[in-house]
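The values are calculated or read from the model by the stated rules, or taken from the named source; none is laboratory data. Quick caveat: nothing in here was measured; it's all calculated off a predicted structure. No Cβ is skipped: glycine too gets one built from the backbone with ideal geometry, and neighbour counts run over all protein chains shown. Remember, those area values only see protein heavy atoms, side chains included, never the ligands or the DNA or RNA. Shrake-Rupley method; radii C 1.70, N 1.55, O 1.52, S 1.80 Å.
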Amino acid sequence: MNSRVALRRAERDNPLPAVRELLESCGWRDLVKSQARVVIKPNLCTERAEQIHTANTSLGVLRAVCEVLRERTSQITIVESDGARYPAEAAFENNGVYRLAQELNVQVRNLSKDDLVEMPDPRLKGFGMARTWLDADVFVTLPVLKTHATTVFTGSLKNQWGCIPRYDRILLHKYLHELIALINSLRPVTLALMDGLVGMQGRGPINGYPINLNVLLASRDPVALDATAMRLIGLEPTASRHLVHAHELGLGTLNRAAIQIDGPLEELQTRVEPAVEDWAIKLMNHVARSQLLTRYLLLNDGVFYPVRRVVGAVRWVLGRRGQPDAAA
């Protein structure tokens with residue numbers, strides 16, 4: 001595997017030059033044969049307009065990648081699965097993906113409505129994977145650089161959690177760290193390009209706040225890419241269990257000495273606020289172990305949203321107690 005990671009400063013309003021340079025650095029023409037079937041998986045983890053800017057892959061990056069790849073193939077499909085509280089179609093619409101697809105003549109597919117193939121791993125029983133994704137000649141993942149309260153970091157590997165085509169995939173969180181690596185072995189990443197134009201720190205992957213790095217990173221090795229992105233923002237790669245597991249499975253390397261860096265990593269390095277797996281998130285992950293509680297509590301909007309408001313208030317009170325002036 002080519003464990004080379006390229007990173008470039010990029011303009012939010014025009015990321016195409018940086019995207020093209022990164023794809024060239026990764027030798028994309030050797031990977032994408034003429035009229036290859038290309039599947040692109042952006043991170044569309046929310047359909048809510050106020051969160052799209054920090055939580056989702058930017059439309060500009062998605063457009064730039066499609067424009068470059070169309071020079072070799074017209075068979076490009078942008079994919080996402082249903083979220084716990086919204087269909088993938090809502091995410092496509094609110095993120096501008098349908099409009100983009102029409103302009104560039106590419107396809108859009110909800111993996112939750114695709115032909116599903118059962119997997120042999122017993123942990124995935126009933127969670128068939130989408131044939132469109134499995135059968136792709138080229139798979140390009142476009143994650144956002146973000147901290148994550150349960151996995152420490154979410155990037156090139158974790159983005160494929162959204163390839164599990166069931167909206168209730170939170171039921172698999174008890175196997176989260178191992179399954180992220182397993183899913184990446186089912187249909188290995190061909191090329192990964194990470195959107196760090198506006199990353200996320202704090203309580204990611206959805207409720208944090210911007211990093212504003214104005215950087216893009218790319219690699220053929222998703223493990224090396226995630227490890228490098230973590231080092232970029234001051235996180236230790238071995239703290240992310242799914243990254244270590246992917247390294248152990250041979251999906252790539254996280255060893256710094258084995259990764260060739262192409263770009264100004266040291267100039268761009270910073271430290272961000274990590275995500276903390278607090279009592280509320282631990283409780284949610286515990287509840288998710290039960291299919292019954294998940295259905296009637298976590299996936300029931302009439303229960304979930306009132307409870308979330310209470311949790312938010314408790315977090316605020318506990319946060320105030322932790323401030324020096326609150327104790328004075």
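At a Förster radius of 51 Å, what calculated FRET efficiency corresponds to the Cβ-Cβ distance of residue 321 and residue 117, to the nearest 0.05?
0.50
Given axes a ≥ b ≥ c from the Cα gyration tensor, I'd like to know whether segment 178-220 is rounded (a/c under 1.5), prolate (a/b larger than b/c) or oblate.
Since a/c reaches 1.5 but b/c is at least a/b, the shape of segment 178-220 is classed as oblate.
State whether segment 132-230 is rounded, prolate or oblate according to the following rule on the C-alpha gyration tensor (a ≥ b ≥ c being the square roots of its eigenvalues): a/c under 1.5 gives rounded; otherwise a/b larger than b/c gives prolate, and the remaining case gives oblate.
oblate
Calculate the dipole size of the chain relative to its Cα centre from +1 charges on Lys and Arg beta carbons and -1 charges on Asp and Glu beta carbons; express the result in debye to the nearest 20.
The calculation lands at about 660 debye.
Can you list residues from other chains, or at least 5 along the same chain, whose modelled amide H is less than 5 Å from the amide H of residue 146?
Correct list: 154, 200.
With θ taken as phi - 60° and the coefficients 6.51, -1.76 and 1.60, list the Karplus ³J(HN,Hα) couplings across segment 101-116 in order, rounded to whole Hz; mark glycine and proline as x.
Here the 3J(HN,Hα) series is 4, 5, 5, 9, 6, 10, 9, 10, 9, 7, 4, 5, 10, 8, 5, 9 Hz.
Compute the Rg to Rh ratio over the chain from the alpha carbon atoms, using the Kirkwood formula for Rh, and round to two decimal places.
When Rh is taken as the Kirkwood radius, the ratio is 0.96.
Using a probe of 1.4 angstrom, how much of the accessible area of the chain is carbon and sulfur, in percent?
Of all accessible area on the chain, carbon and sulfur atoms account for 50 percent.
Suppose the Debye formula is applied to equal point scatterers at every Cα of segment 240-328; what is log10 I(q)/I(0) at q = 0.22 Å⁻¹?
Listed by q, the Debye log ratios stand at -1.11.
First check a/c for segment 1-156, with a ≥ b ≥ c the square roots of the eigenvalues of its C-alpha gyration tensor; if it is under 1.5, answer rounded, and if not, answer prolate when a/b is larger than b/c or oblate otherwise.
rounded
Find the eigenvalues of the gyration tensor of the Cα atoms of segment 158-316, then list the square roots of 5 times those eigenvalues as equivalent ellipsoid semi-axes, largest first, in whole angstrom.
Working from the Cα gyration tensor, I get semi-axes of 30, 20, 13 Å.
For the chain, report the accessible area per residue in Å² (1.4 Å probe, heavy atoms, rounded to an integer).
Accessible area per residue, the chain: 44 Å².
Given 0.36 nm per residue, what is the gain on full extension from residue 105 to residue 248 after removing their alpha carbon distance, in nm?
47.5 nm
Just to be sure I understand the model, the point goes 7 Å from the Cα along the line to the Cβ. What's the resulting residue 258 to residue 174 distance in nm?
With each label point 7 Å from Cα toward Cβ, the separation is 3.3 nm.
Going toward the positive end of the dipole of the chain, with +1 on Lys and Arg Cβ and -1 on Asp and Glu Cβ, which of 144, 59, 197 do you reach last?
The residue sitting most towards the positive pole is 144.
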